[in-house]
Amino acid sequence: MSARPAVLLAGASGLVGGLALQRWLADDDGPLLLAPVRRPLATAHPRLVELPGGWDETTVRDALAAHGARLAAFACCLGTTIRQAGSREAFLAVDRDLVLALAGIASRLGAGQAILVSSVGASAQSGNFYLRVKGEAERGLGALDFDRVDCLRPGLLLGERADRRPAEALGQRLAPLANALARGPLQRYRAIAATEVAAAMVALCGQAGQGRFVHEYAAMRALAQGGPRD
């Protein structure tokens, strides 16, 4: 009997991560989910394994062994803001360094795929600090030993967060008008429902093909609706 597939899900308590978690758990054939957490999740399920303080390789390896599982993928929804983090250094520590530390663990433990929720406009060469950090995280994933890396690049996320983000709340109110104006090449900047980003992540997990794939607004919506995957 082959080992059951597992996904290391980082950011399961966040907006997109929580929605992806629920989609995976609703699928009777879904993978085992290993979730490093700082605080207990509100969800309990036989296929959900919380790893309190589980940000090290030994913890993840032991959980896999205890459940007879093999790590198939790393799915990362980690993300904060400079305002929430308190400084640029603290923001870097989460959105780049922690992302890549967990990705390294997943890669060393045999995961063949990494799926990252990044940001539209992400570029390691960007003059914008936020977008540069997101781009550096993407670049770092590409340097690891994954067969396939999928980068989801949403614009403004639409959905209810547990934490309060005033600028994002204002953006959500203006999103219908902004989306109507963002046509042609600007479509990639449209606001998108967090439910669709989560659905795209789940749809991508386990997809065949090697290399690095970037998914923006139209591609993520197609994935969420069961359309073309690349």
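Take the Cβ-Cβ distance between residue 207 and residue 93 as r, set R0 to 41 Å, and report the resulting FRET efficiency rounded to the nearest 0.05. Working shown, then result.
Values: r = 31 Å, r/R0 = 0.75.
With a Förster radius of 41 Å, E is 0.85.
Subtract the Cα-Cα distance of residue 222 and residue 143 from 0.36 nm times their separation in residues, and report this length gain in nm to one decimal.
On the way: separation 79, 0.36 × 79 = 28.44 nm, distance 2.78 nm.
My answer for the length gained is 25.7 nm.
So what J values fall out for the stretch 103-119 if you push phi through Karplus, 6.51 cos²θ - 1.76 cosθ + 1.60 with θ = phi - 60°, rounded to Hz, Gly and Pro as x?
For the stretch 103-119, the Karplus curve yields 4, x, 4, 4, 4, 5, 8, x, 4, x, 9, 10, 10, 10, 7, 10, 7 Hz.
Run through the stretch 49-127 and list the chymotrypsin sites (Phe, Trp or Tyr not before Pro) located in a DSSP loop whose Cβ has at most 13 other Cβ atoms within 10 Å. All intermediate terms of the calculation are to be shown ahead of the outcome.
Details: sites: 55, 74, 91; in loops: 55.
Loop-located and lightly packed - none at all.
Suppose each label sits 7 Å from its Cα in the direction of the beta carbon; what would the residue 85-residue 3 distance come out to in nanometres?
Those two pseudo-labels are separated by 3.3 nm.
Given the options 193, 90, 101, state which has the largest fluctuation in a GNM of the chain using a 10 Å cut-off (strictly under) for Cα springs.
90
Considering only DSSP states other than H, G, I, E and B, which trypsin sites (Lys or Arg not before Pro) in the stretch 32-137 qualify as loop sites with at most 10 other Cβ atoms within 10 Å? Display every interim value, and only then the final one.
On the way: sites: 38, 47, 61, 70, 83, 88, 96, 108, 132, 134; in loops: 38, 47.
Hits after loop and neighbour filter: 38.
Here, each number is a calculation from the coordinates, and none is a lab measurement. Note that the coordinates shown come from a computational prediction; the quantities given were computed from them, not determined experimentally. So basically every Cβ, Gly included, is an ideal-geometry build from the backbone, and we count neighbours across all protein chains shown.
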